[in-house]
Amino acid sequence: MSGSPTEDWPRVQVHPGTGVVDRRGDTLLVIPLLPTFLHERVRELLELCSRPDPTGHARVHALRALLDLRPSTDMPGFALLVRTGHSLRALVHGPVQILVDGRALGQPGAWGGGKLAEHVVEDGAWHGLTVVADGDAALPDVADVGADVLPLDLGHGAVPGAGVTLHRVPVGRAQHPPATQGTEPGAAPRAATSSTALRPAVHFRTVLLGECAVSASGGPPARERRPPLPVAGARGEGAASTGTRGPEVLVEGVHCPGGHFTDPDLSTCLTCGSALLPDGRRVRLPRPPLGILVTDGGTIYTVTGDFVIGREPEQAPDVLAGRARPLPLRDAARSTSRVHAHLTVRGWKVLLSDDRSANGTFVSGHGVAGPWLPATPQTPVPLAHGDRVRLGRRQLLFDTWREAVVPRVFQ
């Protein structure tokens, strides 16, 4: 292979949707449609496709073995693109099609039977390659920011998406003209495309709840101290009179060796991480805060009860009735719905569910690189400390709460 996998890749434009697009090293995995009941299968695919494969054969054999073990209805449709030398190797399963300059690669709808179709697309033979759900060749239109101004490109990680278009136009040069311009007689028209107006991923550093923290690069602890983040109810997005504490709730729990009252069903303390005694005496006391939510704007919300999250959550019925507090996420682009998601506290559990929002709610337990898996109205997702939440273009970080310590973020 000439050059690194990243250098040889065309520009990857992600189209908005509720599927998953995952790029790692020499691979690009596209799952245009993501049924709720197939989340575990998606995890298997993401793990399998991200494995190193110097020979280029082990990954294909593993995919075929996985498909042989499961019925076709138990696997989502997907396309795996692998960069090999001066070509792209396309492995396709299920109702997914690949368009090369607007023409289908193979017969549309011919990806059934539970098998893995394989094609090779040589460099120089195409300008644009699109992966899309079968029968959905018209990907969602979005504002075109222009490749000359901002050549959007998924370099690494997992994001929500209904498909992708790969552009072989070098960065800094104009896109090829529309299909009706400059087309030779008899030649197939090229598919018109537009750039996805994605907000750059928010790179959370460390939410510091003590005197020091490890830097994002894994180096020595950061020493510089910054002003504390705003607490909800003080200013900014949290300016609404939400307060930081909900009503007192009595729960059954145990005390850790450090004296913290914590979840009795865990092996370690939620607050300090110390090991819990298996025969610890259970008592019923007021539940402590279960964590904090940090917005990408820097506002902190202490999780003591339910929240309604969105662009304008103040008028939600649960907020008006006093059953939940609003967590407003201002968004001029309106990618976040007025009432986008619900955070619900049940016992010691913190659950997140989508409220049929336009752009979906996604959770990553592995940092901003993903994979990002969707939360649904029917199936709330339990949150763990360190999880990231994406709501349209806005993001939240759910992290540990420490008593009598002001949280800080080191950039």
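The values are calculated or read from the model by the stated rules, or taken from the named source; none is laboratory data. Just so you know, these numbers come straight off a predicted model, no measurement behind them. Methodologically, a virtual Cβ is constructed for each residue, glycine included, from the backbone with ideal geometry; neighbour enumeration extends over all protein chains shown. Please note that ligands, DNA and RNA were not included when accessible areas were found on the heavy atoms of the full protein model with its side chains. Shrake-Rupley method; radii C 1.70, N 1.55, O 1.52, S 1.80 Å.
Here are some notes:
- Length gained when the stretch R43-A62 is fully extended (0.36 nm per residue, less Cα-Cα span): 5.4 nm
- Here region 333-389 has 51 percent of its accessible surface on carbon and sulfur atoms, given a 1.4 Å probe and all protein chains in place.
- Solvent-accessible ranking of V249, V350, largest area first, probe 1.4 Å: V249, V350
- If the segment from V283 to E122 were pulled out straight at 0.36 nm per residue, it would be longer than the present Cα-Cα gap by 51.2 nm.
- Label zone at K349, where the point sits 7 Å out along the Cα-to-Cβ direction: region 265-280 residues whose backbone N lies under 17 Å: 265-267
- Per residue, region 292-399 exposes 36 Å² of solvent-accessible protein surface, assessed with a 1.4 angstrom probe and all protein chains in place.
- Accessible area of region 246-288 divided out per residue, in Å², using a probe of 1.4 angstrom: 62
- With θ taken as phi - 60° and the Karplus curve 6.51 cos²θ - 1.76 cosθ + 1.60 applied, the whole-hertz 3J(HN,Hα) list for region 348-358 is 9, 9, 10, 10, 10, 9, 7, 10, 6, 6, 5 Hz, x standing for glycine and proline.
- Rounded to the nearest 0.05, the FRET efficiency derived from the C-beta distance between R356 and D74 at R0 = 30 Å is 0.70.
- V303 long-range amide H proximity, modeled H, under 5 Å: L290, G291, I292, L293
- Contour excess over end-to-end distance, with Cα ends at H156 and K115 and 0.36 nm allotted per residue: 12.0 nm
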